[in-house]
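All remarks here apply to the structure that follows.
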Amino acid sequence: MQNKLFVILVSLFIISQAESQIVWNLTIDVASTSFGNNHPRIVKDNIGNPLVIWGKSNNVKFSRWNGTGFTNPINLNINATSIAEASWMGPDIAAHGDTVYVVFKQTPESSNSSHIWCVHSYDGGRSFSSPIQVDSIADSLSRFPTITTDDLGNPIIGFMKFDPFFGNPRWVVSRSIDYGNTFLTDVLASGWSSSTSEVCDCCPGAIASLGSKVAMLYRGNDNNIRDNWAGISNDFGNTFKEGMDIDQQNWKIFACPSSGPDGVILGDTLYSTYMSGASGMSRVYFNKSSLSEVTGSTGNLLTNDLPGLGQQNFPRITSSGNAMGIAWKQVVNGKSQLSVLFTDNITSGFSSSQEIIAESDVTNTDLILTPENIFVVWQDDKSGTVKFRSGKYYTPTLTQEKVLIGDLSAYPNPSSEAWTIKGYSVYPTLKVELFTAQGILINTSFIQKSIGFFLHEIQNLNLVRGLYIIKFSHNDIYHSMKLLKQ
């Protein structure tokens, strides 16, 4: 009888894991209540450790995972700069390996001497630069910065821009080509619904990038139709010559919903998520649109109506390879829950069942995926803390993906004599190129028989101090990372 019971329990466990796809760990606090919890955002470093920012009393807090827990939070808005932050908006973060960028808006927002600033770290968040001014606004105003990186790790920042007195709201994009040390003059990215349209001036946006493609996602305002749109660039964000309606719900509302879209790019597809109240209820939607056709499409509801379901809001989306996850806040029977949808292969779509990973007191959320893990953070208003929960998922199709290198790391980094590069490759030969930060090729070498884990040493005794880029490539597939010579 005991053996039969054991078999039944094991079978139930296996079925449960197959349905949920994710094995979740316990929830922990990123920091104590005294550090606040407004609007958390999360990314990962080069080895997949989570990095988290959030707002507290007009400061931006930062904490990173050190292997056993989160470090004591630090302020990133140094020099007593007060920043705009609230439960529904605030600073943003992006990472490319161990290069980390955090962008924030100075207050008061109504002053043209209050700028958007960006700090950068080249060592996974162990140290940060002084703030660098992003916007060139003259007598204009700015707000709502959002950030992504290009394939080399340069920051691309979108922000809302106004004429004096908050007139003529529009989204613009500014790029850096020197890893966040300077920023180019912004270019217009919005205004695609009609010649008389403007943007929804109190709705944050999001920006996504892959290769030469950049999408600036935002909520528009065309005679109070508040659909979500994407300005599309095919030249790395230098110009935005096209745009598309990624919503098409035709939600007409005479007040600002204070909620914007989020998106990621995989191949030629822009995947996006957003909230719309066009049905009479606030619901989250999922959309996929072709970047080459720039046609847009009508989004689909993420979930069916549940017993006791009230509003849904603040959805966030992330991907790793073909795996994708979406998290959002929803109110069920008066309790603010945190819900997650996940798929290990987006070409097969999402599971029909959502996972509730927090039962109450959720205000908003964010998430990030690695090739094996999912990390979720949220603002918990009962405890007053940023909550963190991790889970492990298993991807049976991972070996079929077109991945050049996994588990890539360099040590020591910074280095004064040589870097040792460790990684995992599925190709027999890798071309290795070392560049200066300005893109000048220094040397080229090859790794033969690189299938599986490999080690590759780069000597740097004769190099001057500074930032370098190492690029691994096989035919048209490549992967790059930053190296520091000290």
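The values are calculated or read from the model by the stated rules, or taken from the named source; none is laboratory data. Because the structure is predicted, anything quoted here is derived from the model rather than measured. Glycine gets a Cβ as well: all are built from the backbone with ideal geometry, and neighbour counts include every protein chain shown. The protein model used for the area step is the full one, side chains on, heavy atoms only, and it has no ligands, DNA or RNA in it. Shrake-Rupley method; radii C 1.70, N 1.55, O 1.52, S 1.80 Å.
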In region 171-190, what residues are of a type outside the set (Ser, Thr, Tyr) and buried (at least 19 other Cβ atoms within 10 Å of the Cβ)?
Trp171, Val172, Val173, Arg175, Gly180, Phe183, Asp186, Ala189
Specify which of the listed residues (Ser259, Ser276, Ser272) is of a type outside the set (Lys, Arg) and over 17 Å from the mean Cα position of the chain (by Cα).
Ser276
Determine if region 125-140 includes at least one residue that is outside any loop (DSSP other than H, G, I, E, B) and buried (at least 22 other Cβ atoms within 10 Å of the Cβ).
no
Pairs where the first residue, in region 457-486, is open to solvent by 40 Å² or more (accessible area, probe 1.4 Å) and modelled with pLDDT of 85 or more and the second is of a type in the set (Lys, Arg) and assigned to a strand (DSSP E or B), C-beta under 9 Å, 6+ apart
Val464/Lys485; Arg465/Lys485
Being closer than 22 Å to Gln312 by Cβ and over 21 Å from the mean Cα position of the chain (by Cα) is the filter; apply it to region 200-244 and report the residue that is surrounded by the fewest Cβ atoms within 10 Å (Cβ to Cβ).
Asn224
Do we have Ser176 as of a type in the set (Ser, Thr, Tyr) and modelled with pLDDT of 95 or more here?
yes
Among the residues of region 76-102, what is the count of those that are open to solvent by 10 Å² or more (accessible area, probe 1.4 Å) and either over 20 Å from Gln133 (Cβ atoms) or in contact with a Cys (Cβ under 9 Å, 6 or more places away or on another chain) (or both)?
8
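Yes or no, residue by residue, for (1) under 22 Å from Asp92 (Cα atoms); (2) of a type in the set (A, V, I, L, M, F, W, C); (3) at pLDDT 95 or above:
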site: Val264; (1), (2), (3): yes, yes, yes
site: Leu270; (1), (2), (3): yes, yes, yes
site: Gly277; (1), (2), (3): no, no, yes
site: Arg283; (1), (2), (3): no, no, yes
site: Asn304; (1), (2), (3): no, no, no
Which of (1) at pLDDT 95 or above; (2) under 21 Å from Ala86 (Cβ atoms); (3) open to solvent by 40 Å² or more (accessible area, probe 1.4 Å) is the odd one out, the single condition Asn333 does not satisfy?
(2)
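Looking only at residues in region 1-34 that are closer than 21 Å to Arg316 by Cα, open to solvent by 20 Å² or more (accessible area, probe 1.4 Å) and assigned to a loop (DSSP other than H, G, I, E, B), which one is modelled with the highest pLDDT?
Of the residues in region 1-34, the ones closer than 21 Å to Arg316 by Cα are 20-25, 27-30.
Those left that are additionally open to solvent by 20 Å² or more (accessible area, probe 1.4 Å): 20-21, 23-25, 27-29.
Going one step further and asking which of them are assigned to a loop (DSSP other than H, G, I, E, B), we end up with 21, 25, 27.
On the way: Gln21: 71, Asn25: 93, Thr27: 97.
The qualifying residue modelled with the highest pLDDT is Thr27.
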Name every residue in region 273-287 that is part of a loop (DSSP other than H, G, I, E, B) and closer than 20 Å to Gly260 by Cβ, in order of residue number.
Gly277, Ala278, Ser279, Met281, Ser282
If you go through region 268-284, how many residues are open to solvent by 10 Å² or more (accessible area, probe 1.4 Å), touching a residue at least 24 places away in the same chain (Cβ under 8 Å) and closer than 30 Å to Asp45 by Cα?
2
Suppose we keep only residues that are more than 16 Å from Gly158 (Cα to Cα) and part of a strand (DSSP E or B) within region 76-118. Which one would you say is farthest from the chain's Cα centre (by Cα)?
Ile83
How about region 288-326: which of its residues are under 19 Å from Gly205 (Cα atoms), assigned to a strand (DSSP E or B) and open to solvent by 20 Å² or more (accessible area, probe 1.4 Å)?
Lys288, Phe314, Arg316, Ser319
Go through (1) over 18 Å from Leu369 (Cα atoms); (2) in contact (Cβ under 8 Å) with a residue 40 or more places away in the chain; (3) under 21 Å from the mean Cα position of the chain (by Cα) and name the single condition Gly36 misses.
(3)
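Which of the strands (runs of 3 or more DSSP E) found entirely inside region 342-415 contain at least 1 residues meeting this: open to solvent by less than 20 Å² (accessible area, probe 1.4 Å), under 30 Å from His474 (Cα atoms) and modelled with pLDDT under 90?
Because the criterion is at least 1 residues that are open to solvent by less than 20 Å² (accessible area, probe 1.4 Å), under 30 Å from His474 (Cα atoms) and modelled with pLDDT under 90, the strands (runs of 3 or more DSSP E) in region 342-415 that meet it are 385-393, 405-411.
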Against the conditions (1) free of Cβ contacts under 8 Å to residues at least 60 places away in the same chain; (2) touching a Cys at 6+ places or on another chain (Cβ under 9 Å); (3) buried (at least 20 other Cβ atoms within 10 Å of the Cβ), where does Gly260 fall short? Just the number, please.
(1)
Quick check, is Asn168 touching a residue at least 12 places away in the same chain (Cβ under 8 Å), out of contact with any helix residue (DSSP H, G or I) (no Cβ under 7 Å at 6 or more places or on another chain), farther than 23 Å from Glu109 by Cβ and open to solvent by 10 Å² or more (accessible area, probe 1.4 Å)?
no
Yes or no: region 155-163 includes at least one residue that is open to solvent by 10 Å² or more (accessible area, probe 1.4 Å), more than 21 Å from the chain's Cα centre (by Cα) and modelled with pLDDT under 95.
yes
